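Engineer: One structure is given below, represented as structure tokens, and several questions about it will come after.
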Amino acid sequence: MRRTLILGAAILAACASGPQPLDWQLNARQAMEGFQRLYFAGESRLAETEFARARSELARTGRADVVARAELLRCALRTASLDFDDCAGFAALRADAGAPERAYADYLAGRATRSASDEPLSRLVAAALQLRAGSITPAGIAGAVDAASAQGWRRPLLAWLGVQAKRAEDAGDAEAAARIRRRMDLVTVR
């Protein structure tokens, strides 16, 4: 389940049934990729439209585990962007989800631990959970900023830069806070 955060593995592993993917599999994969791209770009309305399309395609299977993985990916993207919620979409499927999905949901909720993979999304989620638990270090915050920046993920980058700016302000480092705010302004220019 560690690779559940990796979009292709999360959806395709659950959906693959042979060498030639079926239409619903391709449609779901494209929609989930669109959802992630648009969500991280800060295009919430368009992202939710793509997610609804992906969920509809996945629901055609009647498999709660497949839909649950999509809901968990949605929650992971929100968590990586420091938008913590109760993952209501997964909660509705929890009773019919598999043990790996329930374990990952517990991880996202902060009720379980696991090691992050080297994937940028996995690292951002782990850092977000450390932040929420109050155990993140300045180096951990910088690592999250670097991971989001390297991927060009606007939404999580702005969230993590906001954390850095707040920490600099709280420490009385006006120069660092101003530098971080200028970087945030640069990210928001479209």
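The values are calculated or read from the model by the stated rules, or taken from the named source; none is laboratory data. Worth saying up front: this structure is predicted, and the values here are computed from it rather than measured. Every residue, glycine as well, gets a Cβ built from its backbone with ideal geometry; the counts of neighbours run over all protein chains shown. Accessible surface is based on the protein model in full, side chains and every heavy atom, while ligands, DNA and RNA are left aside. Shrake-Rupley method; radii C 1.70, N 1.55, O 1.52, S 1.80 Å.
Engineer: Distance between Cα centroids, segment 27-78 to segment 134-163: provide it in whole Å.
Structural biologist: 23
Engineer: A further question on this structure: Taking Cα pairs under 8 Å and at least six residues apart, what relative contact order does segment 68-119 come out at, in percent? Numbers along the way, then the final one.
Structural biologist: Numbers: 30 pairs, mean separation 19.2, N = 52.
Reported relative contact order: 37 percent.
Engineer: Here is a follow-up. Out of these labelled values of percent of Cα pairs over 29 Å apart, [x] 56; [y] 24; [z] 32, which was calculated from the coordinates shown here?
Structural biologist: After the calculation, the listed value that fits is [y].
Engineer: So what J values fall out for segment 122-133 if you push phi through Karplus, 6.51 cos²θ - 1.76 cosθ + 1.60 with θ = phi - 60°, rounded to Hz, Gly and Pro as x?
Structural biologist: 4, 5, 5, 4, 4, 5, 4, 5, 5, 4, 4, 7
Engineer: Taking amide hydrogens as modeled 1.01 Å from N in the peptide plane, which residues meet the under 5 Å criterion relative to R60, leaving out close sequence neighbours?
Structural biologist: So R60 has HN proximity to no qualifying residue.
Engineer: Relative to the first principal axis of the alpha-carbon coordinates of the chain, what is the inclination of helix 138-151, with its axis defined by its Cα atoms, in degrees from 0 to 90 and to the nearest 10?
Structural biologist: Roughly 60 degrees, rounded to the nearest 10.
Engineer: Over segment 68-183, what relative contact order in percent results from Cα pairs under 8 Å that are six or more residues apart?
Structural biologist: Details: 105 pairs, mean separation 26.1, N = 116.
It rounds to 22 percent for segment 68-183.
Engineer: Right, next: What is the dipole size for the chain, taken about its Cα centre, with +1 at each Lys and Arg Cβ and -1 at each Asp and Glu Cβ, in debye to the nearest 20?
Structural biologist: Details: 27 positive and 22 negative charges, 18 e Å.
Computed about the Cα centre, the dipole is about 80 debye.
Engineer: Hey, what's the chain come to in accessible area per residue, 1.4 Å probe, Å²? Intermediate results must be reported in sequence, preceding the final value.
Structural biologist: On the way: 9460 Å² over 190 residues.
That works out to 50 Å² for each residue.
Engineer: List, in order, the whole-Hz ³J(HN,Hα) value for each residue of segment 166-174 obtained from phi through the Karplus relation with A = 6.51, B = -1.76, C = 1.60 and θ = phi - 60°; use x for Gly and Pro.
Structural biologist: 4, 5, 5, 4, 4, 7, x, 9, 5
Engineer: In terms of the ratio Rg/(2.2 N^0.38 Å) built on C-alpha atoms, what value belongs to segment 82-177?
Structural biologist: Values: Rg = 15.1 Å, N = 96, 2.2 N^0.38 = 12.5 Å.
Dividing the Cα radius of gyration by 2.2 N^0.38 Å gives 1.21.
Engineer: On to the next question. Compute, for I180, the solvent-accessible surface of its heavy atoms (probe 1.4 Å) with the complete set of protein chains present, and express it in square angstrom to the nearest 10.
Structural biologist: 20
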